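Have a look at the structure below before the remarks.
The values are calculated or read from the model by the stated rules, or taken from the named source; none is laboratory data. Because the structure is a prediction, the values reported are computed rather than measured. Cβ: placed from backbone, ideal geometry, glycine included. Neighbour counts: every protein chain shown.
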Amino acid sequence: MHRFNAWANHKILVGVRGLTPEQLDQQQDGMYRSILGVLRHLAQVELGYLLLIRGESSEWMNTGPWNLHQVEEVLEETGSGLVEVARTSAADATFHIPWFERDFTVFQGLGQVLTHSINHRADVNQWLPRFGVDSTQQDYINLVLSEG
């Protein structure tokens with residue numbers, strides 16, 4: 001499922017590249033953030049969970065707002081990193097999330113990343129037509145079909 005997550009992140013970024021910089025930052029009625037704002041949040045959460053699961057510093061939270069290129073770089077890193085963590089970590093191992101002030105299992109953390117990212121990709125995908133850009137195909141079966 002984390003291979004799917006990385007693939008779906010890539011697909012939504014392809015769709016977003018059809019927007020102008022002004023459209024990326026524009027917030028319309030019914031949008032709680034701009035498209036770039038939601039993508040930044042998605043990338044920050046993926047990176048935060050990846051680093052915390054690995055036992056690394058979460059200093060990423062102190063960085064300034066990322067542009068689209070930086071979001072793409074982070075999502076590329078988290079895509080491969082989360083796949084690796086899912087393959088190699090014991091599901092019942094725990095890690096600490098400071099903002100919740102408690103420990104979670106790796107299984108729970110990886111599940112949160114998946115559902116969180118799906119939710120926010122759906123937000124962005126439904127907003128794309130407002131800006132004249134087609135929504136992207138996010139169905140898992142499209143990943144399967146693309147692999148032959």
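When Arg3 is tested against (1) over 17 Å from Gly132 (Cβ atoms); (2) of a type outside the set (Asp, Glu); (3) not in a helix (DSSP H, G or I), just one condition goes unmet, and that condition is (3). Kindly indicate the residue of the stretch 24-57 that is crowded, with 19+ Cβ neighbours inside 10 Å and charged (D, E, K, R) and also farthest from Val85 (Cα to Cα) among those meeting that condition. Within the stretch 24-57, the match that is farthest from Val85 (Cα to Cα) is Arg40.
Only one entry of Glu46, Glu56, Glu22 meets the criterion of being at pLDDT 95 or above and farther than 18 Å from Asn119 by Cα, and that entry is Glu22. Note on the stretch 67-94: among residues that are hydroxyl-bearing (Ser, Thr, Tyr) and over 13 Å from the mean Cα position of the chain (by Cα), the one that is surrounded by the most Cβ atoms within 10 Å (Cβ to Cβ) is Ser89. Looking at Asn125, Asn119, which is the one that is closer than 16 Å to Leu36 by Cα, under 16 Å from the mean Cα position of the chain (by Cα) and exposed (fewer than 14 other Cβ atoms within 10 Å of the Cβ)? The unique qualifying residue is Asn119. Among the residues examined, Arg33 does not qualify as assigned to a helix (DSSP H, G or I) and either basic (Lys, Arg) or more than 21 Å from Ile97 (Cβ to Cβ) (or both).
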